[in-house]
Amino acid sequence: MRGKQAPKRNIKPDPKFNRVDIAKLINKIMLGGKKTIAQGIVYDAFAYISEKAKKDPLETYDIAMRNISPNLEVKGKRIGGANYQVPIVVIGERKLTLAHRWLLAATRARKGSAMFKRLGEELIAAAEGEGAAMKKREDVQRMAEANKAFAHFA
């Protein structure tokens, strides 16, 4: 790695729920600097969750993030001319980052309805342990388990 590592930026919490993790989700959804549109999508998705699932949207979001967040992931490492997929433990912020990334990829892959509906449905599915984001997490976990033999390279 060349140069200095970029400094950590402090992200302000979102205006409605006053939570940093939801502000990060809004920033991930945001395209082209349109933050108010991204906020509208997230808040409409939470309203959709409370209306459709008849549950607290923040609780549903927390359960979904806990379900999607991975414990292990694989990282490519080159040793002696061969590339090995080495399983490593996921720590701290990276869990939330990966969870948001997979959630939005699954949401954007769904077609046919408004973004807030797709996000709401994916969050409900993830809270129940279903959906494309959960499948992605299980695939990553399975890959890490399969490559446990290379854990000593970590």
Take the residues of segment 25-60 that are in contact with a Ser or Thr (Cβ under 8 Å, 6 or more places away or on another chain) and not in a loop (DSSP other than H, G, I, E, B): which is surrounded by the fewest Cβ atoms within 10 Å (Cβ to Cβ)? 57
Tally the residues that are under 16 Å from residue 64 (Cβ atoms) and part of a helix (DSSP H, G or I), restricting the search to segment 109-133. 14
When you look at residue 91, is it within 30 Å of residue 152 (Cβ to Cβ) and surrounded by fewer than 17 Cβ atoms within 10 Å (Cβ to Cβ), yes or no? yes
Confirm whether residue 84 is among the aromatic types (Phe, Trp, Tyr), assigned to a strand (DSSP E or B) and in contact with a helix residue (DSSP H, G or I) (Cβ under 6 Å, 6 or more places away or on another chain). yes
Selected residue [among the basic types (Lys, Arg), buried (at least 17 other Cβ atoms within 10 Å of the Cβ) and either touching a residue at least 60 places away in the same chain (Cβ under 8 Å) or under 14 Å from residue 67 (Cα atoms) (or both)] from 148, 136: 136
For residue 62, work out the one condition from (1) touching a Gly at 6+ places or on another chain (Cβ under 9 Å); (2) closer than 17 Å to residue 14 by Cβ it doesn't fulfil. (1)
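Where a number appears in this text, it was derived from the coordinates with a stated rule and is not lab data. As the structure is a prediction and not an experimental result, all values here were calculated from the model. Virtual Cβ from ideal backbone geometry, glycine too; neighbours counted across all protein chains shown.
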